[in-house]
Structure formats: C-alpha cells, structure tokens
Amino acid sequence: MKITGLETLLFGVEDLEGCAQYLKDYGLIAAREDGTGGRYEALDGSAVELAAASDASLPPAMANGCLLRKTVLGVADAATLDAIATELGRDREVRRLADGSLESVDDAGFTLGFQISRKRDLGLPGEIANVPGSPFQRPVNHLGVDPDAGPIRPRTLSHIVYFVPDVAKAEAFYVERLGFRCTDRFTGAGPFLQPGGSLEHHSHFLIGAPAFMTGVEHFTFHFGGPSEVLRNGHRFIEKGYQAFWGPGRHLFGSNWFWYFNSPLACHLEMDADMDLHDSTWTAREVPMSADASQAFLLRYRNKWIPGPASSANGDYA
C-alpha cells in the first residue's frame, strides 16, 4: 500500500494556550487558531492540531492520560485509500468522514486517519557543507550561518514513537495489514517501520511497555539540516524550554536529534538528515543500549568566548 507517512497529529489538551505557544516557539506556523483549538503547520502543511480535551467530536482518549487522539497518515492515491478501507473493514469499523478521509483503530488502540496526501512540495535546498574534494559545495560568498536569518521552520512531520503492550501484535498490524516493513530493530524493544510509499528510514518506532503506559514517547519534525536543529534548539532553550536528550546523532536512521520536554505529555524532538532505504535494504538488529541508540551525544552550554579569563577559570578542560 502506498502510505506516504505522517500528515497530522491531533491532541486533546486542557491548556490550549500553553500548548499552542509551545508549538509556535518550536517553529510551527499557526494556520488556524481560535478558542476551540488550532492547527500548527510545518512548511509542507503537515501539522499538529490541538483541541480542547472536552471536545466531544474528538476520538476517545486513552484511559492512561495520553493526549494523542488521532494519527493521520497520507496515502498516494484513491486506490490506496480504498484498499485500506477494504483491508481494515474485514475485522473492525472503518468510517469514511465528510472530507473523504478514513478513520479506524489499530491493534494497540491508537485512532488512525488516512487521507490522500495534502503535503505541499517544497523545492527548498537543504544544508550543504563545504567539504574538500566534494563537487557539491556552498557557492562562493554564500554564508553557512546568517545571523540575520528569520525564524527556523520545520520542513515536515517526520516520525512518531508509540509505547505498545504487545510489540509483535502491533508490528504485525502495520506490516501485514498496511504494508509497512521493518528497516531496523532493537532486540527487546521493537522495530523501526517504514511505510510502503516512502523511502525514509521510519515513520513509526514501536517500543514494548506495560499496558498502562500505552501512548506516545515522542514525535518529531524534520528540519533543513543539523545546523537548523542546533540553532533552533538553542533558541528553544533560551525561551525557557527544557532539553531532555541531545543534541546528538542516532545510529539507526542516522538522523541528528535534540529532544525536549513538552506540555503534550510526551517528548518533542527536532531532527534532520534521516537515512533513505529501498527494498534492497536488509534490516539490522542489535540489543537496545545507549551505545546502539546514538553515534555521539553533545552537551549544551551557554554561549562562551575564548580568552584569558576563560583559560584561568579552567574552561578549556
């Protein structure tokens, strides 16, 4: 099935104003905002939507405090939408909504939506490095860092990580029913899953957890390169938000990362430069460990300048 990836995540929250400000400070653009909630978009139109937790039109909440109400996936064409409706309709309710999208539930209890992809093609260049000997370079007099650049904007919704009580069952649903495939796996934790209409390393990562923890560990948007992740993360901390993990670079997927605490009852990551894989790729499997999870991890510190006082204070150590 030609499922292309994540399009929208819908959350039901108590603090609409605080969650909205967090998403805007992260870099998302308010495409719609009113007293009932809002839609906060990346440059390609993929988004996080907020609604009041009490909104009766929302899919039901999980019993454990997870605020995610719905994960909307894009598909390439109407034929894929029809195929999903037929496949899932064999053993569960599939609703066709007024906008033409589908709504159903996966085997772990997450509400899913499916729509013909509404993402916009960006045509924007990503980060280019000056590497000796490489034919691909930044043009002469083209600055790698522009101190006068405006806000840094996420490019597209990247991936989501679910805590699930039965990893094998959850994986079988996405692989056997929706055409995903495993690109890599952490033994004892779970698989990274790639939808059939995408080359990206994963749109979903499943982690086994007790049933009462079923929910979201984190989700993330792609940025234009590692410099955008580092600069935007630095700005985010300066606005008062708390970093959780990073910055660093993962091994599986190779994406740069920086994770932050959020008011959405999960972590929110900034990432860039994820691996692409086609059907010739052979999935790797290693035990879950700190060494397997990151190639390296950096440490954030306040801005600093070298000088005699710094040396005297031992800041070079």
Expected single match for of a type outside the set (A, V, I, L, M), without any contact (Cβ under 8 Å) to a residue 40 or more places away in the chain, crowded, with 18+ Cβ neighbours inside 10 Å and farther than 24 Å from LEU193 by Cβ among GLY37, GLY100 is GLY37
For the stretch 251-265, which residues satisfy the criterion of being surrounded by fewer than 20 Cβ atoms within 10 Å (Cβ to Cβ) and not hydroxyl-bearing (Ser, Thr, Tyr)? LEU251, ASN261, PRO263, ALA265
Matching strands (runs of 3 or more DSSP E) fully within the stretch 168-269 where at least 1 residues are within 25 Å of ILE84 (Cβ to Cβ): 181-187, 190-194, 204-208, 215-222
Determine if the stretch 47-63 includes at least one residue that is at pLDDT 95 or above, polar (S, T, N, Q) and in a strand (DSSP E or B). no
How many of the residues making up the stretch 133-167 are within 20 Å of ASP25 (Cα to Cα), assigned to a loop (DSSP other than H, G, I, E, B), in contact (Cβ under 8 Å) with a residue 40 or more places away in the chain and among the hydrophobic types (A, V, I, L, M, F, W, C)? 1
How many residues, within the stretch 233-248, are surrounded by fewer than 22 Cβ atoms within 10 Å (Cβ to Cβ) and out of contact with any helix residue (DSSP H, G or I) (no Cβ under 8 Å at 6 or more places or on another chain)? 9
Taking the stretch 149-160 as the region of interest, how many residues are among the hydrophobic types (A, V, I, L, M, F, W, C) and surrounded by fewer than 20 Cβ atoms within 10 Å (Cβ to Cβ)? 2
Regarding ALA189, is this residue modelled with pLDDT under 95 and aliphatic (A, V, I, L, M)? yes
Do the conditions hold for LEU81, that is, is it more than 22 Å from TYR162 (Cα to Cα), at pLDDT 95 or above and surrounded by 17 or more Cβ atoms within 10 Å (Cβ to Cβ)? yes
Could you tell me whether any residue of the stretch 86-98 is part of a helix (DSSP H, G or I) and not polar (S, T, N, Q)? yes
Enumerate the pairs (first residue in the stretch 51-64 and touching a residue at least 12 places away in the same chain (Cβ under 8 Å); second residue anywhere and of a type in the set (Phe, Trp, Tyr)) with beta-carbon separation below 7 Å, excluding pairs fewer than 6 apart on the same chain, so at least 6 apart or on different chains. ASN64/PHE212
Can you tell me which residues in the stretch 1-34 are part of a helix (DSSP H, G or I), surrounded by fewer than 20 Cβ atoms within 10 Å (Cβ to Cβ) and in contact (Cβ under 8 Å) with a residue 40 or more places away in the chain? GLY18, ASP25
Only one of (1) touching a residue at least 12 places away in the same chain (Cβ under 8 Å); (2) over 30 Å from PRO226 (Cβ atoms); (3) more than 21 Å from the chain's Cα centre (by Cα); (4) in a loop (DSSP other than H, G, I, E, B) fails for ASN130. Which number is that? (2)
When you check SER289 against the structure, is it among the polar types (S, T, N, Q), exposed (fewer than 15 other Cβ atoms within 10 Å of the Cβ), touching a strand residue (DSSP E or B) at 6+ places or on another chain (Cβ under 9 Å) and modelled with pLDDT under 95, yes or no? yes
Out of the residues in the stretch 160-177 that are among the aliphatic types (A, V, I, L, M) and closer than 18 Å to LEU68 by Cβ, state the one that is farthest from the chain's Cα centre (by Cα). ALA170
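The values are calculated or read from the model by the stated rules, or taken from the named source; none is laboratory data. As the structure is a computational prediction, the values presented were derived from the model and not from experiment. Positions of Cβ are generated from backbone atoms using ideal geometry, with glycine treated the same way; all protein chains shown enter the neighbour counts.
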